[in-house]
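One structure is given here, and the rest of the page talks about it.
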Amino acid sequence: MSIILKVNNLNKIYASGFEALSNINLEIEKGEIFALLGPNGAGKTTLIGIICGLINATSGTVEVAGYDHVLQYRKARELIGIVPQELTVDAFEEVEANVAYSRGLFGKAANPEFIKKLLRKLSLLDKRGERIMALSGGMKRRLLIAKALAHEPQILFLDEPTAGVDVELRKSMWETVCELRENGVTVILTTHYIEEAEEMADRIGVINKGKIIVVDRKADLMRKLGQKQLILQLESQMDELPPALQGMGLSLSENGQELSCVFDGQSERMGISALLNCLRDNDVVFRDMDTKKKSLEDIFISLVREAP
C-alpha cells in the first residue's frame with residue numbers, strides 16, 4: 001500500500017517546558033484503519049492537532065499525500081476531515097444546511113445530491129430538516145462525521161468517536177467506519193475502548209508520555225506480545241509442587257487443585273508440549289485443561305506500564 005500520511009521527527013514543547021511529543025515518527029497507509037491508543041495525557045490529541053494544522057509543532061514535519069502541512073497547508077488540509085471528541089455544533093441550524101456549509105468552507109462546489117447520500121449513509125436523512133438541538137447525543141456524533149466528510153477528504157480523524165454513546169450505537173458506528181474504509185477513506189481513530197481497536201483496526205500504535213511505544217499490525221502485535229494462560233484441573237489435590245516442576249513457571253492454586261502457567265505467542269507450542277511431558281513423567285494427572293488468551297487491553301496495559 002502507498003503511504004498517505006508521514007510524520008517525521010515531530011516534537012512539541014510548550015512554553016512551560018512540558019514536552020507533549022518527543023521525536024514522533026509514523027507512517028499511515030492509504031485505505032487502512034489505524035488505531036492510536038494511549039492513556040489520558042499521552043499526546044494523542046496533540047499529535048492529531050498538529051497533523052490537522054490546529055497546533056504548531058516545535059520541530060519536525062508532516063506530509064499529507066506528499067504535501068507539507070505547513071508549506072502547502074491548504075492542499076494538505078483539504079485532504080483531512082476531523083471529528084472532535086467534543087460535540088461542538090450550532091444548535092439552531094438545520095442538519096442538512098450545516099453539513100452543506102461545512103463543504104463550502106473548503107471551497108467545494110455545492111452538491112445537494114452528495115450531501116443527501118452522505119446523510120443517508122449515516123442514518124440522518126430523515127433528520128435533515130430538523131434543528132441540531134433536537135438531535136440525540138448519538139445523532140449529533142453522526143452529524144460531526146457527516147460534517148467531516150462533507151468535503152470528501154481522503155483521511156478521517158476520529159477522536160474518541162463513540163465516547164458517551166450506548167453499546168448499540170457504538171457497534172453501528174463501527175460498521176460506518178468500516179464502510180468508510182471500503183470506500184477508500186483512511187481512518188485514524190483514538191479511543192479509550194480497546195475493543196474498538198481490536199474489532200476494527202488494521203494496525204495499532206501505542207503512545208505514552210509523548211513517545212510512540214509500538215506500531216504494528218493488530219494480528220502481529222497480538223501474536224508477538226499476546227500470552228496464553230494454561231490452566232490444569234488436577235485429578236487429586238497437590239500440597240506443593242514436586243521439585244522437578246519448580247523451574248517451569250507453574251503456579252499452584254491455594255486449594256491445591258489447579259496448576260497454571262503463562263506462555264508467550266512465540267514459545268507456546270513447544271512450551272506446552274514440554275510441560276505436559278514433564279507432568280506425565282512426574283505422575284501428575286489432570287482431569288481438564290483450559291486456556292485463556294491475553295487480550296489487546298492486557299497488552300496495552302503491560303506496554304504502558306513497562307514504558308520508561
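For volume of the Cα convex hull per residue in Å³, several values are listed as (1) 226; (2) 174; (3) 202; flag the one computed from this structure.
Correct label, based on the coordinates given: (2).
Give me the angle, in degrees from 0 to 90, between the Cα long axis of helix 268-281 and the longest principal axis of the Cα atoms of the chain, rounded to the nearest 10.
20
Provide the per-residue ³J(HN,Hα) series for region 109-117, in order, calculated from phi with Karplus coefficients 6.51, -1.76, 1.60 and θ = phi - 60°, each as a whole number of Hz, with x at glycine and proline positions.
So the J values, rounded to whole Hz, are 5, 4, 8, x, 5, 5, 4, 5, 5.
Could you give each residue of region 133-144 its phi-based ³J(HN,Hα) in whole Hz, using Karplus coefficients 6.51, -1.76, 1.60 with θ = phi - 60°, and x for Gly or Pro?
Karplus-based 3J(HN,Hα) across region 133-144 equals 4, 7, 7, 6, x, x, 5, 5, 5, 5, 4, 4 Hz.
Please list, in chain and number order, the residues 5+ apart from L5 or on another chain whose amide H is under 5 Å from its amide H, with Hs placed from the backbone.
Amide H neighbours of L5, under 5 Å, 5+ apart: I28, A65.
Using r as the Cβ-Cβ distance of N11 and E32, and R0 as 30 Å, what FRET efficiency do you calculate, to the nearest 0.05?
It comes out at approximately 0.75.
Quick one: what does P(r) look like for region 1-152 with 10 Å bins over all Cα pairs, in whole %?
10, 34, 32, 21, 4
Based on the Cβ-Cβ distance of C178 and D90, what FRET efficiency does E = 1/(1 + (r/R0)^6) give at R0 = 25 Å, to the nearest 0.05?
Calculated value: 0.30.
Using only Cα atoms and rounding to the nearest 10 degrees, what angle (0 to 90) does helix 167-182 make with the longest principal axis of the chain?
Taking Cα atoms only, the helix is inclined about 70 degrees.
In degrees, nearest 10, range 0 to 90: what is the angle between the Cα axis of helix 296-306 and the longest Cα principal axis of the chain?
80
Every number in this text was worked out from the coordinates using simple rules, so none of it is lab data. Since this is a predicted model, take the numbers as computed values, not measurements. In this analysis, Cβ positions are derived from the backbone assuming ideal geometry, glycine residues included, and neighbour counts consider all displayed protein chains.
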